Amino acid sequence: MGYSIEVVRSWNARIAQSQPLVAVFTGSTAGIGEHSVRALAAAHGKDGKGLRAYIIGRNEASGTRVISECLNVCPAGQFRFIRANDLALLKDVDRVSAEIIRLEEIEVKSTGGKAKIDLLVMSHAFFAIESRRDTTEGLDAFMSHLYYSRARFTIQLMPLLLESSLPARVVSVFGPGRDVKLIPDDLSLRDPRNYSFMNMGSHAAYFMTFFFERMASQYPGRLSLTHYYPGLVLTDAFTNGTMSSKLITWTFRIISPFIRPFTVSQMESGNRVIFHTSPRFPARSASAGGEQLPEADGDLEIAISSDGVVGGGAYRGSWNGDVVPLGKAYADLRQSDIAERCWSHTMQAFEEIEAGRVFTA
C-alpha cells in the first residue's frame, strides 16, 4: 500500500523531533539528494532535538547554497560539506568516509558521546547511455556509482551506523525493479556483447538486493536498508546538459511541461526518502521469518523484505512507500549460489583495489 505525502511528512517530523540525528547524504548538492537533506532539515525545524548532516558532493558552491537553505528552516542544525572528487573511485569513497568519521569523532569528543550515523542516503550517480567506461581501478564507472561505491560507503561507515539507536537506516536511490537480467559468467559485464545501459542497471539492482539482504542478516536489530525507486523525478540533470546524451537533454526540455503532472516533485521525493526512517521499515529481528510477526505502528504496516520476510530489514521501496515486488527470476536464482558469488565478487573487487591493484575479474 502507498502512503500520502501528509502521512510521510508527519512521520518524518516525529522522527526528527524525537532524538538527535546524524545523517550522511552522498550526491546531495543537487536533485533528490539535495531535497532529501532539505526535507530532513524542514522536518527538524526549530523544535527538533538536534540535527547534524554531512553533505557530500563535488560542487562546493552548490553545497554552500544547500546549507544556507537548510539553516533558514533549521537554524540550530549543523551542516557540514565534504567535497568528493569522483565517487566512482573507491579510493575517493574511502577518503570521504574517513573524513566523515574524523569530523564526527571531533564533534562528540567534547560531549563524551559516541560518534554515530542514524541515516545514510546515497543518491550519487552519473547516467550515460553509452559503452562501458572503466575507472582507473578497473570498475565500470556507471555501475560503480550505483553499486560498488554505495556498498563501500555502507561497509566503511558501518562502525558509526551500528552506534545508532534508531536503528540506523541506509537508503540507496536508484531502481530495484531494474533487475531483469543477470549474467552469472560475466558479473562485471566486461564482454562488450553483454554490456548495455539496461544490463548495467540490471546487474546493479541484483547486486544491491543481495548485498542489502546480507547486511540485514549480519546485523539483526541494528540496520535497516532500502533500495529505493523514486519514480520519475525531473531533476535539473534532465534539462541542464549534465547528462552525457544531448538527445536526452533536448528531449526532456521539450516534453517536461507535458509530463510534469505525472511526475514526483523533487521536494516530495526528498520527503519520501526520509520516510524510510519510519517504523514501516524496521531492522531485521533475531526471530525474523518465524510465526510471530512484528507489530504495525499506528497507521503504518510493516514492509515485506526482499526475501519475503515481514520486517526482514532489506527492502525494495517504491516511490509511494509501497514495496517493489521481486522478479520471477529470483526464485531460481535463490536455488543457486549466485548471491554468494555476487558477495565474493564484491569483496574481491574491494580487496584488489584497496591493495592498489586494478580489478580485472
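The values are calculated or read from the model by the stated rules, or taken from the named source; none is laboratory data. Keep in mind it's a predicted model, so treat the numbers as computed, not measured. Note: ideal-geometry Cβ built from the backbone for every residue, glycine included; neighbour counts use all protein chains shown.
Residues of the range 307-329 being surrounded by 13 or more Cβ atoms within 10 Å (Cβ to Cβ), without any contact (Cβ under 8 Å) to a residue 24 or more places away in the chain and over 19 Å from the mean Cα position of the chain (by Cα), which ones? If the condition is that a residue be surrounded by 13 or more Cβ atoms within 10 Å (Cβ to Cβ), without any contact (Cβ under 8 Å) to a residue 24 or more places away in the chain and over 19 Å from the mean Cα position of the chain (by Cα), then Val310 is the only one that fits.
The residue that is surrounded by the most Cβ atoms within 10 Å (Cβ to Cβ), among those in the range 114-132 that are modelled with pLDDT under 95 and more than 12 Å from Leu160 (Cα to Cα), is Ala125.
Evaluated against (1) of a type outside the set (A, V, I, L, M, F, W, C); (2) in contact (Cβ under 8 Å) with a residue 60 or more places away in the chain; (3) surrounded by 15 or more Cβ atoms within 10 Å (Cβ to Cβ), Thr135 falls short on exactly one condition, (2).
Residues considered: Thr64, Thr29. Of these, the only one that is farther than 17 Å from Tyr228 by Cα, of a type outside the set (A, V, I, L, M, F, W, C) and not in a helix (DSSP H, G or I) is Thr29. If you check Arg193, Arg150 for being free of Cβ contacts under 8 Å to residues at least 24 places away in the same chain and either not in a helix (DSSP H, G or I) or not aromatic (Phe, Trp, Tyr) (or both), only one passes: Arg193. Scanning the range 262-274 turns up at least one residue that is within 20 Å of Ser165 (Cα to Cα) and at pLDDT 95 or above. Check the range 203-212 and report whether any residue there is of a type in the set (A, V, I, L, M), in contact (Cβ under 8 Å) with a residue 40 or more places away in the chain and within 17 Å of Thr26 (Cβ to Cβ). There is at least one residue in the range 203-212 that is of a type in the set (A, V, I, L, M), in contact (Cβ under 8 Å) with a residue 40 or more places away in the chain and within 17 Å of Thr26 (Cβ to Cβ). Within the range 307-342, being in a loop (DSSP other than H, G, I, E, B) and either among the β-branched types (Val, Ile, Thr) or farther than 30 Å from Ser36 by Cα (or both) holds for Val309, Val324, Lys328, Arg334, Gln335, Ser336, Asp337. Taken as a whole, the condition of being in a loop (DSSP other than H, G, I, E, B), surrounded by fewer than 22 Cβ atoms within 10 Å (Cβ to Cβ) and not polar (S, T, N, Q) does not apply to Glu107. For Ala61, the criteria (1) within 30 Å of Thr136 (Cβ to Cβ); (2) surrounded by fewer than 23 Cβ atoms within 10 Å (Cβ to Cβ); (3) in contact (Cβ under 8 Å) with a residue 12 or more places away in the chain hold in every case but one, which is (3).
Candidates Leu157, Leu162: the one that is buried (at least 20 other Cβ atoms within 10 Å of the Cβ) and aliphatic (A, V, I, L, M) is Leu157.
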